Amino acid sequence: MTLALVLVLAAALALVLIVGITISTRIQLSPSSALARKVEPIDIEAFRNLVSSAENDYLRRRLPAGEFRSVQRERLRAAAAYIRVAAKNAAVLVAIGQTALSASDAATADAARQLVDNALLLRRNSTIALLRIYVALAWPQSALAAAPIVHGYEQLSGRAMLLGRLQNPAAPVRIAVNP
Amino acid sequence: MLQAHSILWNYLWVAPDLFLLTVAFLIWKRGLSRELPAFLAFAILAALGDLVVFGADLAPFVSAPNYWRVVWVNLLLGGLLKFLVIGEVFSRVFTQYSSISRISRILVSGFGACMVLLAGVIAGFGHGDNPQILISGAHLLEQTVFIIETGLIIFLFLLAAYFHLSWDRLSFGILLGLAISACVHLATWGIIANASPAEHTRTLFAFLNMATYHLCVLIWFYYLLIPQKVVRKSVVPLPENNLTVWNRELERLLQQ
């Protein structure tokens, strides 16, 4: 009887979850122009400094161990905040790119496909990087390997600008603040 | 009316299968058979399998053990086809993007293996609702198939939601129908296989299952028959000079 109850509850939860996801996905569908406004600019240089291993080594040499751990935690939290914004931007860009996939113009469709692919890659990398950061928050001495995120984000920024320019030359989508 | 072998009972058993065969015909007629081979196979074989079980239920020359053997074969075939359909929907939504194709395959395979293990453990805990293993085993098999199916469908919905991937109309319709069917069937078979309900309650559950399946077939019908709204997009004509400028900017960013 208990097993039956557990299965009924699991089935009910599953149904609610699926209906919820379906409804929220439908509600989130907004025009590309509105979506583009949700993209937040990110200062890549500041993020690069936060995850720089040379900077970490310098701080480790200069600061006492206790202070270094405290500073390192703050830096990791800041890096995580950047990555969360990057992941959010990537999600928005997936949506923008997907709306442009069916464009009749081959160049736009191709740029859209590349943008979606890069945005998905960034979202995947962001998840892995965030996991690494949370591990590093627990053990501040461990090396933080978030470098691929920086490279991925730069690529994505370029793709987004290209697609923005292709669709509307007057209003490019800018997601990275370049130095 | 809500009794076994009433008119409503017979309708709910036969009509969804006839509708499903019509869905299969429409898929073939619209040239979608190459896009949806697994779903086409499911629509034909699952419908025919169900009709064979219905015939075996009515035919006086089919003994009770033979009827349950037919049920077993139909269950195994239906279960296999449903997993193929889920795999087909997964391919349509996820494997077109090279950046997540491999990782999503690994994740779905791993999650599927976990679900098989979990469903096996839950089936192991089930005491069976009938002394005859042929009957209680069939009920546990139903429960096992629907546990794995529900888990996989939820995982696909969550994965797509996480990556903000949009569904094409047909894939979404197919998976939504399977999801509703799997959730309701999981609940009813969970009760039937583990709580040994009274005969009248079992009949009511059978009605619920058949009505849900009917609804799901109608959902597939809807998504196949009603065309997707065409959204008109105003794409600005591309000045050649802008492309060059932005390509140069892109190359500069990539070389940093």
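Nothing in this text is a laboratory measurement; each read-out follows from the coordinates by a stated rule. Since the model is a prediction, treat every value here as computed from it, not as a measurement. Note: ideal-geometry Cβ built from the backbone for every residue, glycine included; neighbour counts use all protein chains shown.
Taking a point 7 angstrom from the Cα of B:Gln228 along the C-beta vector, which residues in the range B:90-126 have backbone N less than 17 Å away?
B:90-97
Can you give the net charge of the other residues whose Cβ lies under 14 Å from the Cβ of B:Val108, counting K and R as +1 and D and E as -1?
Within the 14 Å Cβ shell, the charges total +1.
In whole angstrom, how far apart do the alpha carbon centroids of the range B:73-140 and the range B:1-48 sit?
21
Where in chain B are the DSSP H helices whose alpha-carbon span along the long axis reaches 30 Å or more and whose Kyte-Doolittle mean is at least 0.5?
Answer set is B:7-29, B:37-58, B:64-94, B:98-125, B:133-163, B:169-195, B:199-225.
Return B:Cys114, B:Cys183 ranked ascending by Cβ neighbour count within 10 Å, so the fewest neighbours appear first.
So the ranking, lowest neighbour count to highest, is B:Cys114, B:Cys183.
Taking 0.36 nm per intervening residue step and subtracting the Cα-Cα distance, what contour gain separates B:Leu117 from B:Leu158 on full extension?
Working it through step by step, the gained length comes to 12.7 nm.
Just rank B:His200, B:His185, fewest to most, by other beta-carbon atoms within 10 angstrom.
Exposure proxy ranking, most exposed first: B:His200, B:His185.
What whole-number distance in Å separates the alpha-carbon centres of the range B:185-217 and the range B:141-160?
Between the Cα centres of the range B:185-217 and the range B:141-160 lies a distance of 18 Å.
Can you tell which of B:Leu107, B:Gly31, B:Val85 lies farthest toward the positive end of the dipole of the range B:1-116, using +1 and -1 charges on the Cβ of basic and acidic side chains (Lys, Arg; Asp, Glu)?
Final value for the positive-end residue is B:Leu107.
Taking the highest mean first, how do the peptides B:176-182, B:215-221 order by number of other beta carbon atoms within 10 angstrom per residue?
Highest-to-lowest ranking by the protection proxy: B:176-182, B:215-221.
Check which residues have an amide H placed less than 5 Å from A:Asp43's amide H, if you skip close sequence neighbours.
Close amide H contacts, sequence-distant or interchain: A:Val177.
Rank B:Thr201, B:Pro227, B:Leu40 by how far each Cα sits towards the positive end of the charge dipole of chain B (+1 on Lys, Arg Cβ; -1 on Asp, Glu Cβ) and give me just the farthest.
With unit charges placed on the Cβ atoms, the residue in question is B:Pro227.
Within a 10 angstrom radius of each residue's Cβ in B:153-163, how many Cβ atoms of other chains show up on average? Whole number is fine.
Partner Cβ neighbours, averaged per residue: 4.
Quick one: plug the Kirkwood hydrodynamic radius of chain B (C-alpha pairs) into Stokes-Einstein at 25 °C, 0.890 mPa s, and report D in µm²/s.
Value of D from the Cα-based Kirkwood radius: 119 µm²/s.
Could you compute the FRET efficiency for A:Ala54 and A:Val135, with r as their C-beta to C-beta distance and R0 at 30 Å, rounded to 0.05?
Calculated transfer efficiency: 0.90.
Apply the Karplus curve 6.51 cos²θ - 1.76 cosθ + 1.60, θ = phi - 60°, to the phi angles in the range A:70-78 and return the couplings in whole Hz, x for Gly and Pro.
5, 5, 4, 4, 4, 5, 5, 5, 5
State, as an integer percentage, the relative contact order of chain B based on alpha-carbon contacts under 8 Å between residues 6 or more apart.
Once divided by the residue count of chain B, the mean separation gives 22 percent.
Could you work out how much longer the chain between A:Arg73 and A:Leu17 gets when fully extended? Use 0.36 nm per residue separation minus the Cα distance between them, nm to one decimal.
16.6 nm
Net charge within 15 Å of A:Val71 by Cβ-Cβ distance, Lys/Arg positive one each and Asp/Glu negative one each, not counting A:Val71 itself?
+3
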